[in-house]
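For reference, the structure discussed in these notes is given below.
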Amino acid sequence: MIVAAALPLVAEYGAAVTTSQIARAAGIGEATIFRAFKDKDEVLDACVAEAVGTDHVLRELASISLDEPLADRLAEAAEALRAHMERMGTVVEALHASGRRRGRGPGTGTGTRDGEDPPPDGRAQSVTALRNAVIELIEPDRTAFRLSPEKVAAAFLGLLFTRLQTPAPDAGAPLTPEELIAVLLHGTLNTPGSA
(Lines give C-alpha, C1' and ligand atoms only; values in the text may rest on other atoms or scores of the structure.)
Protein backbone atom coordinates (compact mmCIF):
# COMPACT_ATOMS: atom_id res chain seq x y z
CA MET A 1 0.00 0.00 0.00
CA ILE A 2 2.78 2.46 0.87
CA VAL A 3 4.83 1.65 -2.23
CA ALA A 4 1.75 1.78 -4.48
CA ALA A 5 0.93 5.23 -3.13
CA ALA A 6 4.54 6.37 -3.37
CA LEU A 7 5.20 5.28 -6.97
CA PRO A 8 3.30 8.11 -8.72
CA LEU A 9 4.84 10.64 -6.33
CA VAL A 10 8.35 9.30 -6.95
CA ALA A 11 7.69 9.46 -10.70
CA GLU A 12 6.67 13.11 -10.30
CA TYR A 13 9.10 14.39 -7.65
CA GLY A 14 11.95 11.88 -7.70
CA ALA A 15 14.01 11.75 -4.51
CA ALA A 16 12.55 15.11 -3.45
CA VAL A 17 9.28 13.43 -2.49
CA THR A 18 8.65 13.65 1.23
CA THR A 19 7.41 10.94 3.54
CA SER A 20 4.63 13.36 4.49
CA GLN A 21 3.44 13.41 0.85
CA ILE A 22 3.63 9.61 0.70
CA ALA A 23 1.67 9.24 3.94
CA ARG A 24 -1.09 11.58 2.69
CA ALA A 25 -1.31 9.67 -0.61
CA ALA A 26 -1.51 6.35 1.26
CA GLY A 27 -4.06 7.68 3.72
CA ILE A 28 -1.89 6.85 6.72
CA GLY A 29 0.10 8.68 9.35
CA GLU A 30 3.70 9.45 8.56
CA ALA A 31 4.85 7.36 11.54
CA THR A 32 3.29 4.29 9.90
CA ILE A 33 5.82 4.58 7.07
CA PHE A 34 8.65 4.29 9.58
CA ARG A 35 7.13 1.17 11.09
CA ALA A 36 7.39 -0.49 7.66
CA PHE A 37 10.61 1.15 6.43
CA LYS A 38 13.76 2.26 8.22
CA ASP A 39 13.93 5.56 6.33
CA LYS A 40 12.90 7.32 3.13
CA ASP A 41 15.76 5.67 1.22
CA GLU A 42 14.22 2.26 1.94
CA VAL A 43 10.90 3.52 0.59
CA LEU A 44 12.66 4.74 -2.57
CA ASP A 45 14.49 1.40 -2.90
CA ALA A 46 11.15 -0.42 -2.61
CA CYS A 47 9.67 1.86 -5.29
CA VAL A 48 12.51 1.08 -7.66
CA ALA A 49 12.15 -2.65 -6.96
CA GLU A 50 8.43 -2.45 -7.67
CA ALA A 51 8.92 -0.41 -10.85
CA VAL A 52 11.55 -2.73 -12.32
CA GLY A 53 9.94 -5.92 -11.04
CA THR A 54 8.08 -8.02 -13.58
CA ASP A 55 5.37 -9.53 -11.36
CA HIS A 56 2.70 -7.05 -12.46
CA VAL A 57 3.38 -7.33 -16.21
CA LEU A 58 3.65 -11.12 -15.98
CA ARG A 59 0.17 -11.22 -14.40
CA GLU A 60 -1.13 -9.03 -17.23
CA LEU A 61 0.44 -11.27 -19.87
CA ALA A 62 -0.97 -14.38 -18.19
CA SER A 63 -4.46 -12.84 -18.22
CA ILE A 64 -4.52 -12.53 -22.03
CA SER A 65 -6.96 -15.09 -23.39
CA LEU A 66 -5.42 -17.71 -25.65
CA ASP A 67 -8.78 -17.87 -27.45
CA GLU A 68 -8.17 -14.44 -29.00
CA PRO A 69 -6.62 -14.19 -32.47
CA LEU A 70 -2.80 -14.17 -32.40
CA ALA A 71 -2.49 -10.55 -33.57
CA ASP A 72 -4.83 -9.41 -30.79
CA ARG A 73 -2.91 -11.39 -28.17
CA LEU A 74 0.35 -9.84 -29.32
CA ALA A 75 -1.17 -6.33 -29.38
CA GLU A 76 -2.29 -6.75 -25.76
CA ALA A 77 1.15 -8.06 -24.85
CA ALA A 78 2.83 -5.12 -26.60
CA GLU A 79 0.67 -2.66 -24.67
CA ALA A 80 1.32 -4.37 -21.31
CA LEU A 81 5.07 -4.43 -21.94
CA ARG A 82 5.09 -0.82 -23.15
CA ALA A 83 3.29 0.31 -19.99
CA HIS A 84 5.75 -1.67 -17.84
CA MET A 85 8.79 -0.15 -19.56
CA GLU A 86 7.31 3.34 -19.38
CA ARG A 87 6.59 3.04 -15.65
CA MET A 88 10.05 1.67 -14.98
CA GLY A 89 11.72 4.43 -17.01
CA THR A 90 9.66 7.18 -15.42
CA VAL A 91 10.52 6.15 -11.86
CA VAL A 92 14.21 5.53 -12.50
CA GLU A 93 14.63 8.72 -14.56
CA ALA A 94 12.84 10.85 -11.94
CA LEU A 95 15.13 9.55 -9.21
CA HIS A 96 18.21 10.02 -11.38
CA ALA A 97 17.17 13.56 -12.38
CA SER A 98 16.68 14.51 -8.74
CA GLY A 99 20.24 13.47 -7.90
CA ARG A 100 19.65 9.95 -6.59
CA ARG A 101 21.77 7.38 -8.33
CA ARG A 102 21.34 3.61 -8.30
CA GLY A 103 21.35 2.37 -4.76
CA ARG A 104 21.24 4.56 -1.69
CA GLY A 105 21.71 8.26 -1.81
CA PRO A 106 23.21 10.62 -4.36
CA GLY A 107 26.15 9.33 -6.35
CA THR A 108 26.71 6.01 -4.59
CA GLY A 109 26.98 4.18 -7.88
CA THR A 110 26.11 0.86 -6.27
CA GLY A 111 23.51 -1.46 -7.69
CA THR A 112 21.76 -1.96 -4.36
CA ARG A 113 21.65 -0.34 -0.99
CA ASP A 114 24.44 -0.70 1.56
CA GLY A 115 27.03 -1.19 -1.19
CA GLU A 116 25.99 -4.73 -2.09
CA ASP A 117 26.43 -5.89 -5.67
CA PRO A 118 23.19 -6.57 -7.52
CA PRO A 119 22.26 -10.19 -8.06
CA PRO A 120 24.06 -11.19 -11.28
CA ASP A 121 21.11 -13.02 -12.78
CA GLY A 122 18.18 -10.80 -11.72
CA ARG A 123 17.88 -9.02 -15.05
CA ALA A 124 18.43 -12.24 -17.01
CA GLN A 125 15.72 -13.95 -14.94
CA SER A 126 13.30 -11.10 -15.68
CA VAL A 127 13.99 -11.21 -19.41
CA THR A 128 13.59 -15.00 -19.40
CA ALA A 129 10.28 -14.74 -17.53
CA LEU A 130 8.99 -12.15 -20.02
CA ARG A 131 10.13 -14.25 -22.98
CA ASN A 132 8.45 -17.35 -21.53
CA ALA A 133 5.19 -15.43 -21.03
CA VAL A 134 5.25 -14.33 -24.68
CA ILE A 135 6.06 -17.90 -25.77
CA GLU A 136 2.90 -19.05 -23.97
CA LEU A 137 0.89 -16.51 -25.97
CA ILE A 138 2.39 -17.74 -29.25
CA GLU A 139 2.34 -21.48 -28.54
CA PRO A 140 -1.27 -22.13 -29.66
CA ASP A 141 -0.23 -20.97 -33.16
CA ARG A 142 3.05 -22.90 -33.27
CA THR A 143 2.24 -24.59 -36.59
CA ALA A 144 1.60 -21.26 -38.34
CA PHE A 145 5.25 -20.18 -37.95
CA ARG A 146 8.38 -21.11 -39.85
CA LEU A 147 10.33 -20.42 -36.65
CA SER A 148 9.96 -21.85 -33.15
CA PRO A 149 7.79 -19.93 -30.65
CA GLU A 150 11.03 -19.21 -28.74
CA LYS A 151 12.53 -17.40 -31.76
CA VAL A 152 9.27 -15.61 -32.56
CA ALA A 153 9.05 -14.41 -28.94
CA ALA A 154 12.66 -13.19 -29.06
CA ALA A 155 11.94 -11.31 -32.31
CA PHE A 156 8.76 -9.80 -30.83
CA LEU A 157 10.58 -8.57 -27.74
CA GLY A 158 13.48 -7.27 -29.83
CA LEU A 159 11.14 -5.31 -32.09
CA LEU A 160 9.16 -4.03 -29.14
CA PHE A 161 12.14 -2.88 -27.09
CA THR A 162 13.69 -1.23 -30.15
CA ARG A 163 10.37 0.52 -30.81
CA LEU A 164 10.39 1.93 -27.28
CA GLN A 165 13.72 3.66 -27.80
CA THR A 166 13.72 7.24 -29.04
CA PRO A 167 13.75 7.18 -32.84
CA ALA A 168 16.39 8.97 -34.86
CA PRO A 169 15.13 12.38 -36.11
CA ASP A 170 14.90 11.17 -39.71
CA ALA A 171 13.25 7.84 -38.84
CA GLY A 172 9.85 9.34 -38.08
CA ALA A 173 7.56 8.02 -35.38
CA PRO A 174 8.30 4.61 -33.88
CA LEU A 175 6.29 1.63 -35.08
CA THR A 176 2.79 1.45 -33.68
CA PRO A 177 1.93 -1.85 -31.96
CA GLU A 178 -0.11 -2.80 -35.02
CA GLU A 179 2.80 -2.06 -37.38
CA LEU A 180 5.20 -3.97 -35.14
CA ILE A 181 2.94 -7.02 -35.15
CA ALA A 182 2.40 -6.75 -38.92
CA VAL A 183 6.18 -6.75 -39.45
CA LEU A 184 6.57 -9.70 -37.08
CA LEU A 185 3.81 -11.75 -38.65
CA HIS A 186 4.01 -10.69 -42.32
CA GLY A 187 7.37 -9.00 -42.90
CA THR A 188 7.80 -5.72 -44.70
CA LEU A 189 7.25 -6.77 -48.30
CA ASN A 190 3.95 -5.93 -50.01
CA THR A 191 3.81 -9.52 -51.19
CA PRO A 192 5.95 -11.77 -48.99
CA GLY A 193 8.41 -13.81 -51.03
CA SER A 194 8.26 -11.42 -54.01
CA ALA A 195 11.69 -9.81 -53.59
Item to check | Under-5 Å amide H pairs with SER98, H placed in peptide plane, nonlocal only | outcome: ALA15
Checklist entry - Taking H as built 1.01 Å from N, whose amide H comes closer than 5 Å to the amide H of ILE28, not counting residues under 5 places away? => result none
Next on the checklist: Quick one: 3J(HN,Hα) in Hz for the range 139-144, Karplus 6.51/-1.76/1.60 with θ = phi - 60°, rounded, Gly and Pro as x.
Outcome noted: 3, x, 10, 3, 6, 7
Checklist outcome for this item: Going residue by residue through the range 175-188, the Karplus relation 6.51 cos²θ - 1.76 cosθ + 1.60 with θ = phi - 60° gives ³J(HN,Hα) values, rounded to whole Hz and with x marking Gly or Pro, of 4, 6, x, 5, 5, 4, 5, 5, 5, 4, 7, 10, x, 10
Next on the checklist: Tell me the per residue accessible area of the range 1-80 using a 1.4 Å probe; a whole number in Å² is fine.
Outcome noted: 49 Å²
Item to check | In order through the range 35-42: 3J(HN,Hα) via Karplus (6.51 cos²θ - 1.76 cosθ + 1.60), integer Hz, x for Gly, Pro | outcome: 7, 8, 10, 5, 7, 4, 4, 5
Checklist entry - When only Cα pairs under 8 Å and 6 or more residues apart are kept, what is the percent relative contact order across the range 1-99? => result 41 percent
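The values are calculated or read from the model by the stated rules, or taken from the named source; none is laboratory data. Worth saying up front: this structure is predicted, and the values here are computed from it rather than measured. Each accessible area value is taken on the protein alone, full model and side chains, heavy atoms only, with ligands, DNA and RNA left out. Shrake-Rupley method; radii C 1.70, N 1.55, O 1.52, S 1.80 Å.
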